Amino acid sequence: MADKRKVWKDNFTEWFHDVILGAEIIDYRYPIKGFGVWLPYGFKIRENVLRLLRKLLNDSLHDEMLFPILIPESLFEKESTHIKSFEDESFWVTHGGTTRLDVKLALRPTSETVITPMIKLWVRSHADLPRRIYQIGSVFRYETKATKPLIRIREVTTFKEAHTYHANHEEALKQVEEAINIYKQFFNEMGLPYMISKRPQWDKFAGAVSTYAFDTLFPDGKVLQIGTVHDLGQNFGKAFDVTFETKDGRKEYVWQTSYGISERVIAALITIHGDDRGLIVPPNMAPIQVVIIPIPYKEKEQDVNNVCNTIHETLDREGIRVKLDDRPELTPGSKYYEWEQHGVPLRIEIGPRDVKEKSVTFVRRDTLERARCDEEKVVEEVVELLKNIQDNLFERASTWFKDHITKTDDLKEAEEKIGVGIVEVPWCGNEECGLKIERLIETRVLGTDVETEKAINHKCLVCENKACHRVRLARAY
Ligand code: P5A
Ligand code: ZN
């Protein structure tokens, strides 16, 4: 199916900037690069996203906590791979007032080195494990690549990070699986298509044994990493000397995982569902699910307004997030424009004909189709339509996503398809070949499929030796 969204696709960057300001999501004109202000409408979307995340985590035995924002250099540098990667990417506090500090303090870019030393105080024996905690707050990364609204920012204001501690590696690996399942549910509810790849060794999280990443695809053919799950092994346990007593009285280092999500998922929500008119917010996440717009006609104003008020009350009572836009100074047309741009999934129009026929008119934001129903059936119809819109958005996005994945054994075809989407090619598994292909066709190796990581009967695209995987390639944000 051809995509009718033209501006969205051909001029994606401009489209994205227009939408986040036009729909009042976030304003990055604050005079520090990569720092922004959540606007009221964006804040409400963020709240809905976080409500879902909190529910999924609380229901699976995670405890929400809050840790300090500063890390003394002496702690931060304990895990050597971790500090190597994050040292240059951190903001550092060097002074208290005008006095130079004895120990520099980093603004946390992530909190492994904040939480692990505290776990050392709390965990004594296997009976204290497992422990699953998470926090939601700001982290700071002095990103060197160009910053991008919601996508690559320097104050990540919506960083949900989970950290778990276990008595053995099997249990930690089970937690990795559990985390992947939690994120699958999360993205399904958001209506976002994704693929999960085991990142190659040279692109894993600093300090991790393995990294599993969720990637989604943008209209410009580039992938965006929208979440990661890491098996940290005992790397931090050893660096921070966190031991516990096992069942048979031995001392062992603790096993860890961590997984994180940021406002990038809101960038994905905006981008993947939007169209040439602006945002389309899936009903599950929409601050306003239904907007009612009166179409007053001379002498019928009072009747129209009465019906609008009744319907507003009826829907509100049912727990539907509904708004009646009765601003008298604006024309219905300018209201349509505004709420379409803000992505309200369903619009109800009520005019003199509707009043007379005791009916209401619907316009759905995803397809722009119109429909009518009896006034007394309005609740059932709204519930049904919202569900329909939610499902349709996910399906449309998933189809588009699948249509942009190409499997090929041919280097030339891989090169052609790489600017359009994701390409899967046979790979021998050697780092050298992986890095070579990244240079050869200007791409990124996303990694291998976690579920079908079995041997295949093909030749590596680079060295022509036997391939053991299909590896995914794409240009990436
Ligand atoms: C897991 C949580 C971590 O930091 N420590 C705690 C682990 N992993 S991560 O991959 O480095 O980050 C998790 C997710 O955060 C998003 N992200 C960002 N979003 C916006 N701007 C940034 N500068 C930024 N950096 C990371 C990514 O989605 C990443 O997967
Ligand atoms: Zn090879």
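The values are calculated or read from the model by the stated rules, or taken from the named source; none is laboratory data. Remember, it's a predicted structure, so these values are computed and weren't measured experimentally. We place every Cβ from the backbone using ideal geometry, glycine too, and count neighbours over all the protein chains shown. Side chains included, ligands, DNA and RNA excluded: accessible areas come from the protein's heavy atoms. Shrake-Rupley method; radii C 1.70, N 1.55, O 1.52, S 1.80 Å.
Tell me yes or no: at least one residue of the stretch 70-90 is part of a helix (DSSP H, G or I), over 30 Å from E178 (Cβ atoms) and touching a Ser or Thr at 6+ places or on another chain (Cβ under 8 Å). Looking through the stretch 70-90, at least one residue is part of a helix (DSSP H, G or I), over 30 Å from E178 (Cβ atoms) and touching a Ser or Thr at 6+ places or on another chain (Cβ under 8 Å).
Here G207 fulfils each of the conditions (1) of a type outside the set (A, V, I, L, M, F, W, C); (2) away from ligand 1 (no atom under 15 Å from the Cβ); (3) at positive phi; (4) open to solvent by less than 60 Å² (accessible area, probe 1.4 Å) apart from (2). Cβ-Cβ distances below 8 Å connect the following pairs, each with a first residue in the stretch 461-475 that is surrounded by fewer than 18 Cβ atoms within 10 Å (Cβ to Cβ), a second residue that is among the polar types (S, T, N, Q), and a separation of six or more residues or different chains: C463/N430.
When F394, F362 are checked against the criterion of being buried (at least 17 other Cβ atoms within 10 Å of the Cβ), touching a Pro at 6+ places or on another chain (Cβ under 9 Å) and of a type in the set (F, W, Y), F394 stands alone in meeting it.
Of the residues making up the stretch 125-161, just one is within 25 Å of F43 (Cβ to Cβ) and open to solvent by 50 Å² or more (accessible area, probe 1.4 Å), namely K148.
Among the helices (runs of 4 or more DSSP H) confined wholly to the stretch 366-460, which include 3 or more residues that are within 15 Å of ligand 2 (Cβ to nearest atom)?
Ranges flagged: 431-440.
Residues are listed down the side, and each one gets a yes or a no for (1) assigned to a strand (DSSP E or B); (2) at negative phi; (3) aromatic (F, W, Y):
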position	(1), (2), (3)
R100	yes, yes, no
R132	yes, yes, no
S138	yes, yes, no
Y142	no, yes, yes
F159	yes, yes, yes
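Being more than 30 Å from F186 (Cα to Cα), out of contact with any Phe, Trp or Tyr (no Cβ under 6 Å at 6 or more places or on another chain) and among the charged types (D, E, K, R) is a property that E376 has. If I filter the stretch 321-341 for residues that are open to solvent by 20 Å² or more (accessible area, probe 1.4 Å), away from ligand 1 (no atom under 16 Å from the Cβ), part of a helix (DSSP H, G or I) and within 16 Å of V382 (Cα to Cα), do I get at least one hit? No, the stretch 321-341 contains no residue that is open to solvent by 20 Å² or more (accessible area, probe 1.4 Å), away from ligand 1 (no atom under 16 Å from the Cβ), part of a helix (DSSP H, G or I) and within 16 Å of V382 (Cα to Cα).
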